[in-house]
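Peer 1: Sending over a structure as structure tokens; questions will come in a sec.
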Amino acid sequence: LLSGTHIPLSGRNPMLREVLGIRPHVLVLNKMDLADPHRQPVSAGAGLAGGPQVAAGRCRAIVTALLYVSLQIIPLVAELVSNTPRYHRAENTEYSILVIGVPNVGKSSFINSLRRLHLKKGKATAVGGEPGITKAVLTRIQVLEKPLMYLVDTPGVLPPRLGDVETGMKLALCGAIRDHLVGEYIMADYLLYTLNKQQQFGYTQHYGLAAACDDIELVLKQVALTLGRTQKVKVLTGTGNVNVTMLNYPAAAYEFLRDFRAGRLGRVTLD
């Protein structure tokens, strides 16, 4: 189960609790470079399976940041499966592991990185910076020879209904929901509110603002001026049409969101 470190609670589909059940699973917290290092880590069991499964060690949290941590994932999966009699009946040791999570959390990149780390081979599944790149359950992808282990890439899954609007906004900010479904301007406004609330004022230095600001219009104006996001608009005058250069606020909102997702505005944990 893959989740984002910067959305450790909102980034988990609550419907997976029933799906996972007693099956052995590993919780991998991805994209740690985007999360606030000073925030208290979220418990491995919070918001996941609950009950005796977590207490029995069915779920363990791993932060995929350093190489030595990445090397621990495959042995841990093999250990969990081998210690569960229900999934340890075959004579030949071969594992097929399903990689699941919300859209755009890094499932395909995770599989490719493990394949590159253990097999020294190139990527086997397409990746992208927006949700919906993986559209169907793909064939098994080998990531290890001894023991023989395959990972299966899956499309991101969100619950049919989100618990509240704020959870939906957090998922949208992290790219789990397509921008046009929510609106770049609305997302940029919520992002500015979140950054100011957490006193994350890195955007002021990044865009050359004199001080923190809670007016999204002023911030997007500065973003457009700094990045040169303009557009030519025809204006009807008494002497005919005149091309006027104006600031492109939708493009500025898009750049504001993209800078946040790339970590250029600082490391922020939304939950």
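The values are calculated or read from the model by the stated rules, or taken from the named source; none is laboratory data. Because the structure is predicted, anything quoted here is derived from the model rather than measured. As a convention, Cβ positions derive from the backbone with ideal geometry for all residues, glycine included, and neighbour counts pool all protein chains shown. Each accessible area value is taken on the protein alone, full model and side chains, heavy atoms only, with ligands, DNA and RNA left out. Shrake-Rupley method; radii C 1.70, N 1.55, O 1.52, S 1.80 Å.
Peer 1: If R₀ is 25 angstrom, what is the calculated FRET efficiency for the pair Leu76 and Val165, using the beta carbon separation as r and rounding to 0.05?
Peer 2: Values: r = 36 Å, r/R0 = 1.45.
Computed FRET efficiency for Leu76 and Val165 comes out at 0.10.
Peer 1: With a 1.4 Å probe and all protein chains kept in place, how do Glu217, Glu255, Glu184 rank by accessible area, largest first?
Peer 2: Greatest to least solvent exposure: Glu217, Glu184, Glu255.
Peer 1: Rounded, prolate or oblate: which one fits segment 157-258, using the alpha carbon gyration tensor with axes a ≥ b ≥ c (rounded when a/c is under 1.5, else prolate when a/b beats b/c, else oblate)?
Peer 2: Working: a/c = 3.03, a/b = 1.55, b/c = 1.96.
Since a/c reaches 1.5 but b/c is at least a/b, the shape of segment 157-258 is classed as oblate.
Peer 1: If you don't mind, there's one more thing I want to ask. Taking amide H positions as placed in the peptide plane 1.01 Å from N, state which residues far from Gly266 in sequence (5 or more) or on other chains have amide H under 5 Å from it.
Peer 2: none
Peer 1: Turning to a different aspect of this structure: Would you mind checking which residues have amide H under 5 Å from Met149's amide H? H placed 1.01 Å from N; only 5 or more apart, or other chain.
Peer 2: Tyr95, Val143, Leu144
Peer 1: Could I ask something else about it? Per residue, how much accessible surface does segment 183-262 expose to a 1.4 Å probe? Answer in Å², no decimals. Don't skip to the answer; put the middle values down first.
Peer 2: Details: 4680 Å² over 80 residues.
Result: 59 Å² per residue.
Peer 1: Go through 219-229, 5-15 and give me the packing order, highest mean Cβ count within 10 Å leading. Can you show the working numbers first?
Peer 2: Working: 219-229: 18.7, 5-15: 20.9.
Result, highest mean first: 5-15, 219-229.
Peer 1: Taking the Cα centre of segment 183-262 as origin, sum charge times position over the Cβ atoms of Lys and Arg (+1) and Asp and Glu (-1), and report the length of that vector in debye to the nearest 20.
Peer 2: 260
Peer 1: Just reorder Arg23, Arg178 by solvent-accessible area, largest first, 1.4 Å probe, all chains present. Before the final figure, lay out each step's value.
Peer 2: Values: Arg23 110, Arg178 85 Å².
The residues order as Arg23, Arg178, largest area first.
Peer 1: Taking the Cβ of Gly263 as the center, what net charge do the other residues with Cβ under 10 Å away carry, scoring Lys and Arg +1 and Asp and Glu -1?
Peer 2: Numbers: positive: Lys31, Arg261, Arg264, Arg267; negative: Asp33, Asp259.
Overall, the nearby charge balance is +2.
Peer 1: Still on this structure, please answer the following. Take the solvent-accessible surface of the protein heavy atoms, probe 1.4 Å, and return the percent of it on segment 183-262 that carbon and sulfur atoms account for.
Peer 2: Working: 2480 of 4680 Å².
The C+S portion of the solvent-accessible surface of segment 183-262 is 53 percent.
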